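Undergrad: Would you mind keeping the following structure in view while I ask a few things?
The values are calculated or read from the model by the stated rules, or taken from the named source; none is laboratory data. Since the structure is predicted, the reported quantities are computational estimates derived from the model, not experimental observations. All Cβ positions, glycine included, derive from the backbone under ideal geometry; neighbour counts span all protein chains shown.
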Amino acid sequence: MAEDIGLKWDRKYQSKNIISNSPSSVLTTNLHLLPDQGAALDLACGPGGNALVLADKGLETSAWDLSSVALSHLSQTAKSRKLSISIAHRDVINQPPDPNSFDVIVVSNFLERSLIPAIISALKNNGLVFYQTFTNQRVLHPAPVNPNYKLDPNELLRLFDPLTIKYYREDGNSGDNEEFHGIAMIVAQKSI
């Protein structure tokens with residue numbers, strides 16, 4: 001099954017003339033919250049825009065995804081920018097990160113609710129999660145068609161309730177910046 005999903009994403013990336021390495025807004029808006037050092041993970045990284053930012057900030061960065069096409073693109077980009085990133089072809093649902101293994105975990109445009117407890121567990125004490133994904137109010141492209149991959153209003157807050165919220169944004173469809181319509185973003189910290 002995971003291989004089928006990986007192949008689906010490989011085909012998607014192969015069909016694009018340009019693969020964007022744009023990092024997520026939740027990360028770029030909150031760079032000031034990143035630690036000066038530590039281990040970071042771009043989980044379900046796609047072409048790795050977040051991993052590139054994390055490595056550029058001096059964090060020991062890992063990037064995991066099912067798409068070998070996206071990972072190959074990330075590898076080439078990291079090499080051209082002289083950035084060190086540990087890249088792994090990995091099914092993050094069946095092989096989540098080990099407990100207490102990362103100081104920073106970034107997830108964008110990926111939602112697997114059953115994985116949230118493992119993400120929380122994988123954070124070290126004072127570790128931060130930067131999470132951004134679509135809500136069921138998203139009508140603009142890009143957005144998943146399957147409603148199971150969209151959040152209900154305020155659901156992201158509930159999913160990360162065990163953590164201390166540092167930043168949260170969910171505009172619904174309000175405001176004149178359509179980029180943020182139907183997007184939820186959170187930065188939350190683990191404290192033991």
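Undergrad: Restricting the search to segment 43-76, which residues are hydroxyl-bearing (Ser, Thr, Tyr) and at pLDDT below 95?
TA: First, pick out the residues of segment 43-76 that are hydroxyl-bearing (Ser, Thr, Tyr): 61-62, 67-68, 72, 75.
If the condition is that a residue be hydroxyl-bearing (Ser, Thr, Tyr) and at pLDDT below 95, then Ser67, Ser68, Ser72 are the ones that fit.
Undergrad: Could you give me the residue pairs with C-beta distances under 7 Å whose first residue belongs to segment 152-168 and is more than 15 Å from Val106 (Cα to Cα), whose second residue is among the hydroxyl-bearing types (Ser, Thr, Tyr) wherever it lies, and which are 6+ apart or on separate chains?
TA: So the pair list comes out as Pro153/Thr135; Leu157/Tyr168; Thr164/Ser191.
Undergrad: Something else about it: Restricting attention to segment 26-48, and to residues there that are over 18 Å from Leu111 (Cβ atoms) and among the β-branched types (Val, Ile, Thr), which single residue is surrounded by the most Cβ atoms within 10 Å (Cβ to Cβ)?
TA: The qualifying residue surrounded by the most Cβ atoms within 10 Å (Cβ to Cβ) is Thr29.
Undergrad: Considering only segment 49-92, state which residues are surrounded by fewer than 16 Cβ atoms within 10 Å (Cβ to Cβ) and hydrophobic (A, V, I, L, M, F, W, C).
TA: Ala88
Undergrad: Looking at (1) among the polar types (S, T, N, Q); (2) in a loop (DSSP other than H, G, I, E, B); (3) modelled with pLDDT of 95 or more, which is the only condition Gln137 fails?
TA: (3)
Undergrad: Just checking, how many residues over segment 109-121 are crowded, with 16+ Cβ neighbours inside 10 Å and either over 22 Å from Leu34 (Cα atoms) or in contact with a helix residue (DSSP H, G or I) (Cβ under 6 Å, 6 or more places away or on another chain) (or both)? Talk me through it step by step, then tell me what you get.
TA: Residues of segment 109-121 crowded, with 16+ Cβ neighbours inside 10 Å: 110-112, 115-116, 118-120.
Next cut, either over 22 Å from Leu34 (Cα atoms) or in contact with a helix residue (DSSP H, G or I) (Cβ under 6 Å, 6 or more places away or on another chain) (or both) only: 111-112, 115-116.
So the answer is 4.
Undergrad: Let me ask something else. How many of the residues in segment 73-107 are among the β-branched types (Val, Ile, Thr) and either in a loop (DSSP other than H, G, I, E, B) or within 20 Å of Thr133 (Cβ to Cβ) (or both)? Steps first, answer last, please.
TA: First, the residues of segment 73-107 that are among the β-branched types (Val, Ile, Thr): 77, 85, 87, 92-93, 104-107.
Imposing the further condition that a residue be either in a loop (DSSP other than H, G, I, E, B) or within 20 Å of Thr133 (Cβ to Cβ) (or both) reduces the set to 92-93, 104-107.
Qualifying residue count, segment 73-107: 6.
Undergrad: Being touching a strand residue (DSSP E or B) at 6+ places or on another chain (Cβ under 6 Å) and free of Cβ contacts under 8 Å to residues at least 60 places away in the same chain is the filter here; which residues of segment 98-128 pass it?
TA: Asn100, Leu111
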